[in-house]
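J.: Right, I'll just put the structure down here and ask away after.
Where a number appears in this text, it was derived from the coordinates with a stated rule and is not lab data. Because the structure is predicted, anything quoted here is derived from the model rather than measured. Note: ideal-geometry Cβ built from the backbone for every residue, glycine included; neighbour counts use all protein chains shown.
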Amino acid sequence: MGKVKIRSTTVLAVVHNGEVVVGADGQATMGNYVAKSNVKKIRILRDGKIVTGFAGSTADAFTLLERFEEKLNSYSGNMKRSAIELAKDWRMDRYLRKLEAMLIVADKEEVLVISGTGDVLEPDNQIAAIGSGAMYAQSAAYALKKHAPAMSAEEIVRESLTIAADICIYTNHNLMVEKVK
């Protein structure tokens with residue numbers, strides 16, 4: 001039997017009306033079954049000043065989150081610098097290069113996507129999404145932000161993740177949503 005691909009998740013971050021909110025579903029899928037329905041894919045760092053979300057292998061993501069926290073400590077909480085340094089390490093380090101995960105990191109000013117290819121992306125329209133249901137959630141968030149500007153960032157994240165869960169079989173309705181302080 002070959003390696004079972006773990007597929008899971010939708011993580012979405014939205015900056016809207018002065019708020020930054022990150023949310024994720026709770027599903028992890030192995031092959032053609034749900035392995036766990038309440039995975040916590042959001043982590044709160046630095047007393048809520050930074051919120052992260054991950055997609056991909058949970059163990060790999062935890063390794064990356066630990067490294068990201070180390071970088072935050074090394075660079076006095078500077079999220080962007082820490083993200084860039086993590087991405088450099090991720091790309092250059094033999095061990096880290098094999099990790100299969102992506103991160104969204106957010107503070108009060110911005111949202112970044114960090115990938116294993118050395119990318120640190122600042123998303124267009126202040127909406128970032130990763131995971132198997134990313135494009136569904138991102139599309140919904142674009143539409144809601146544009147056509148329902150009175151909605152809060154949290155409402156946009158919740159509704160967009162709900163829409164993604166209605167469409168993507170790797171995304172469920174067990175949501176965790178956190179606002180950056």
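J.: Quick one: order E110, E122 by neighbouring beta-carbon count within 10 Å, fewest to most.
T.: Lowest count first: E122, E110.
J.: Just need the relative contact order of the chain here, percent rounded to a whole number, with Cα pairs under 8 Å and 6+ apart.
T.: The value is 33 percent.
J.: I've got another one for you. Fewest first, what order do V14, V22 take by the number of other Cβ atoms within 10 Å?
T.: The fewest-first ordering by Cβ neighbours comes to V22, V14.
J.: Something else about it: Neighbour counts of other C-beta atoms within 10 Å: give me H147, H16 arranged from fewest to most.
T.: Listing H147, H16 from fewest to most nearby Cβ atoms yields H147, H16.
J.: Please give the net charge around L65, taking every other residue with its beta carbon less than 11 angstrom from that of L65, where Lys and Arg add +1 and Asp and Glu add -1.
T.: Local charge sum for L65: 0.
J.: Where Lys and Arg each count +1 and Asp and Glu each count -1, what net charge lies around V20 among other residues with Cβ under 11 Å from its Cβ?
T.: Charge balance in the 11 Å sphere: -2.
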